[in-house]
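The values are calculated or read from the model by the stated rules, or taken from the named source; none is laboratory data. If you're wondering where the values come from, they're calculated on a predicted model, not measured in any experiment. Using ideal geometry, Cβ is built from the backbone for each residue, glycine included, and neighbour counts are taken over all protein chains shown. Please note that ligands, DNA and RNA were not included when accessible areas were found on the heavy atoms of the full protein model with its side chains. Shrake-Rupley method; radii C 1.70, N 1.55, O 1.52, S 1.80 Å.
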Amino acid sequence: HTAVLQQKLWDCLRNVIEGLHLNGPEPGELRLPHHLSLSTPQIEGEGQALAMDLRGVAIHAGAACTTKSMQIPPALAAIGLDADLARGTTLWGIGAGTSEAEITEVIEVFADVTGKLRAITPAKDLLS
């Protein structure tokens, strides 16, 4: 159940959010079915997570190995993420009780949130 929802979430999000990056392997045998790590260029993951929370959706900003440092977390550095993508990393969990309707809603909300944040975010070179 979660593997099917994970695949739908990834397939839909990558089609509606330009430049969205999947951290780790594609959904399938080499990936846990209840987890996605995504990075959005030129957007801070913390802003995405806060905006999603205000819309009733819980995601986590950063890597699972987040530290208080402003350095790229070791796990994200190990897979070759640059600072821009590392700043835009969010973690997603899919539970056994998650429904397809919830995934559809989350896709719409994340696309809306990301579009609004992109509209107010300065050019990439200003973030560096």
Check: How much accessible area per residue does the chain have, in Å², with a 1.4 Å probe?
Finding: 57
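Once you list every other residue whose beta carbon is under 11 Å from the beta carbon of Glu105, what net charge do they have if Lys and Arg are +1 and Asp and Glu are -1? Intermediate results must be reported in sequence, preceding the final value.
Details: positive: Arg55; negative: Glu100, Glu102, Glu108, Asp112.
With Lys, Arg at +1 and Asp, Glu at -1, the net is -3.
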Check: Helix 45-54: angle to the longest alpha-carbon principal axis of the chain, degrees 0 to 90, nearest 10?
Finding: 50
Checklist line | the chain: angle of helix 2-16 to the longest principal axis, Cα-based, in degrees nearest 10 | finding: 50
Checklist line | Between helix 100-120 and the chain: long-axis angle, C-alpha atoms, 0 to 90°, nearest 10 | finding: 20
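Which value in deg cm²/dmol, rounded to the nearest 500, describes the helix-derived mean residue ellipticity at 222 nm for the chain, given -39,500 (n - 2.57) per DSSP H run of n ≥ 4 and division by the residue count?
Estimated from H runs of four or more residues: -14000 deg cm²/dmol.
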Margin query: Assuming 0.36 nm per residue, please report the length gained on full extension of the stretch Asp11 to Thr104 beyond their Cα-Cα distance.
Written below: 32.3 nm
Notebook entry, point to check: Where the accessible area of the chain is counted over protein heavy atoms with a 1.4 Å probe, how much of it, in %, is carbon and sulfur?
Noted result: 58
Next item on the list: For Glu29, Glu100, give the ranking by accessible area with the largest first, probe 1.4 Å.
Entry: Glu29, Glu100
Item checked: Dipole in debye (nearest 20) - the chain, about Cα centre, beta carbon charges: Lys, Arg +1; Asp, Glu -1 -> 240
